């Protein structure tokens, strides 16, 4: 591995700031509050749920401007901000004038105690600078602030303020050529290694550098978005000594789409992969829309969601039902396995010391395949699933010719329902007399546990209901009759297709 630099650089208020020393687990929030005394950014939950710590990270958008994304500074490690512009609530007002978001909050009385207000304003600052086309309506705003909690104001004036402020083009002095030039000035393609061989934060720049470093330090903790590992630090207080950040590895965040498949690099965020996956089926897009918050989706990765092996991760059941496969790398050696084979047992994956996920390949289903996916959680937005169900049924002449059914939250790993799959194959969708046998087969596939999210009996009962709903919908019942939200239009324009 080539000689690595020891320092990181960020842009603050238009100026480059070089940081020569930091702990591997120092968070961006601690840097802002304890080093800069930029205390407008608050610590609330310290786990990325409340949004009080939201700041915006700006990076080049490839078109001469800057793409601003909201992140939870409480779980975003400082080293991960290398090369970015960091925008906080203190930076918005200029020349005695409030930022349009701030002014709209004043005009609509959208703040009371004010503790949550900086986080809301920064989440909406990112929305204000959105690159997507289309109007900002109430639904768009609700998605943007789903990761921000307010205990006293109520959301109506906040949403009204956001709709008004975000109605036009961004015109606040951020994100233009000057900001892009400042980012260009601090861009450094060299690998980063802050610390020594016993304790370090490393950020390799190439896949070969990553492979060599992780082979040498298989005890290191890999991070991409740190939306899970951040909680190990802030909540579990784990003494993590070695951190390897994969977010700067060239090519590892790419999402490539062909007629046959979508290939998602392990460092691609949910936000970056969402559009391609949603084009497979609207249910996939709806699950991803409800995965965490805008802050979580801007930082968290599908590769990380897979690699941490959680039995309640939202993406593995979806990808298993689609027949996804993983490419793993260890040193110079690579191998490819079916995603479902990666999960061995609770907390155990088929991954050797020093081996990491390079990408996941997701085959696109044919026109004769129907997809359904449902997320069940206590809260509708930003909540961990009690269970997640994903179905892929290939149809021939009104019958199910083949099936892939996967669940999360029903076992110690994301798992296929093999018995239920066998039971539904051959089912005539116009003859419901055999459906009960297929539903009953789920009890042979799973013996779920009871925990604080759901009881075993509830999980099994809901799983039966979701399989039944999937069959009802693909048999032709419009989803407007089976769903309260997420009503879909099929490929042929009919609801329920």
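The values are calculated or read from the model by the stated rules, or taken from the named source; none is laboratory data. On a predicted model such as this, the values are computed, not experimentally measured, just so you know. Here the Cβ positions follow ideal geometry from the backbone for every residue, glycine too, while neighbour counts run over all protein chains shown.
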Scan the range 233-244 and report the pairs whose first residue is closer than 14 Å to residue 78 by Cβ and whose second residue is loosely packed, with under 12 Cβ neighbours inside 10 Å, with Cβ atoms within less than 7 Å and a gap of 6+ or a chain change.
none
Test of understanding: among 420, 457, which residue is at pLDDT 95 or above and within 24 Å of residue 378 (Cβ to Cβ)?
457
Hey, any hits in the range 462-480 for a residue that's within 29 Å of residue 228 (Cβ to Cβ) and assigned to a loop (DSSP other than H, G, I, E, B)?
no
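Out of 54, 41, which single residue is in contact with a strand residue (DSSP E or B) (Cβ under 8 Å, 6 or more places away or on another chain) and under 18 Å from residue 82 (Cα atoms)?
Numbers: 41 fails: under 18 Å from residue 82 (Cα atoms).
Matching residue, one of 54, 41: 54.
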When residue 251 is run through (1) assigned to a loop (DSSP other than H, G, I, E, B); (2) out of contact with any strand residue (DSSP E or B) (no Cβ under 7 Å at 6 or more places or on another chain); (3) at pLDDT 95 or above, the failure sits at (2)
Out of all the residues in the range 113-133, which are more than 21 Å from the chain's Cα centre (by Cα) and in contact (Cβ under 8 Å) with a residue 60 or more places away in the chain?
115, 116, 118
Answer yes or no as to whether residue 96 is at positive phi, touching a helix residue (DSSP H, G or I) at 6+ places or on another chain (Cβ under 8 Å) and modelled with pLDDT under 95.
no
Is it the case, given these coordinates, that residue 74 is surrounded by 23 or more Cβ atoms within 10 Å (Cβ to Cβ), touching a residue at least 12 places away in the same chain (Cβ under 8 Å) and not in a helix (DSSP H, G or I)?
yes
Flag if residue 420 is in contact (Cβ under 8 Å) with a residue 24 or more places away in the chain, in contact with a strand residue (DSSP E or B) (Cβ under 9 Å, 6 or more places away or on another chain), under 20 Å from residue 318 (Cβ atoms) and surrounded by 19 or more Cβ atoms within 10 Å (Cβ to Cβ):
yes
Selection from the range 10-46 of residues under 18 Å from residue 243 (Cα atoms) and either part of a loop (DSSP other than H, G, I, E, B) or touching a residue at least 60 places away in the same chain (Cβ under 8 Å) (or both) yields 20, 21, 22, 23, 24, 25, 26, 27
Condition first: touching a helix residue (DSSP H, G or I) at 6+ places or on another chain (Cβ under 7 Å) and over 21 Å from residue 355 (Cβ atoms). Now tell me which residues in the range 213-237 satisfy that.
227
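Picking from 162, 205, 167, which residue would you name as being farther than 30 Å from residue 335 by Cα, at pLDDT 95 or above and either crowded, with 19+ Cβ neighbours inside 10 Å or out of contact with any helix residue (DSSP H, G or I) (no Cβ under 6 Å at 6 or more places or on another chain) (or both)? If you could, list the steps in order and put the result at the bottom.
Details: 205 fails: farther than 30 Å from residue 335 by Cα; 167 fails: at pLDDT 95 or above.
Being farther than 30 Å from residue 335 by Cα, at pLDDT 95 or above and either crowded, with 19+ Cβ neighbours inside 10 Å or out of contact with any helix residue (DSSP H, G or I) (no Cβ under 6 Å at 6 or more places or on another chain) (or both) holds for just one of 162, 205, 167, which is 162.
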Within the range 277-301, residues being farther than 20 Å from residue 391 by Cβ and in a helix (DSSP H, G or I) number 6
Just to be sure, is residue 113 at pLDDT below 95 and surrounded by 21 or more Cβ atoms within 10 Å (Cβ to Cβ)?
no
On the given criteria, is residue 185 assigned to a loop (DSSP other than H, G, I, E, B) and touching a residue at least 40 places away in the same chain (Cβ under 8 Å)?
no
Of these, 292, 265, which one is over 25 Å from residue 488 (Cβ atoms), in contact (Cβ under 8 Å) with a residue 12 or more places away in the chain and surrounded by 18 or more Cβ atoms within 10 Å (Cβ to Cβ)?
265
Subset of the range 455-466, residues in contact (Cβ under 8 Å) with a residue 60 or more places away in the chain and either touching a helix residue (DSSP H, G or I) at 6+ places or on another chain (Cβ under 7 Å) or at positive phi (or both), comes to 463
So, in the range 308-331, how many residues would count as being farther than 16 Å from residue 407 by Cβ and buried (at least 23 other Cβ atoms within 10 Å of the Cβ)?
1
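Condition check ((1) surrounded by 17 or more Cβ atoms within 10 Å (Cβ to Cβ); (2) at pLDDT below 95; (3) outside the structural domain of residue 398 (by TED's automatic domain parsing)) across all residues:
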residue: 432; (1), (2), (3): no, yes, no
residue: 436; (1), (2), (3): no, yes, no
residue: 444; (1), (2), (3): no, no, no
residue: 450; (1), (2), (3): no, yes, no
residue: 453; (1), (2), (3): yes, yes, no
residue: 461; (1), (2), (3): no, no, no
residue: 470; (1), (2), (3): yes, no, no
residue: 477; (1), (2), (3): no, yes, no
residue: 488; (1), (2), (3): yes, yes, yes
Members of the range 141-159 found to be loosely packed, with under 13 Cβ neighbours inside 10 Å and either assigned to a loop (DSSP other than H, G, I, E, B) or assigned by TED's automatic domain parsing to the domain that holds residue 290 (or both), listed by number:
151, 152, 154
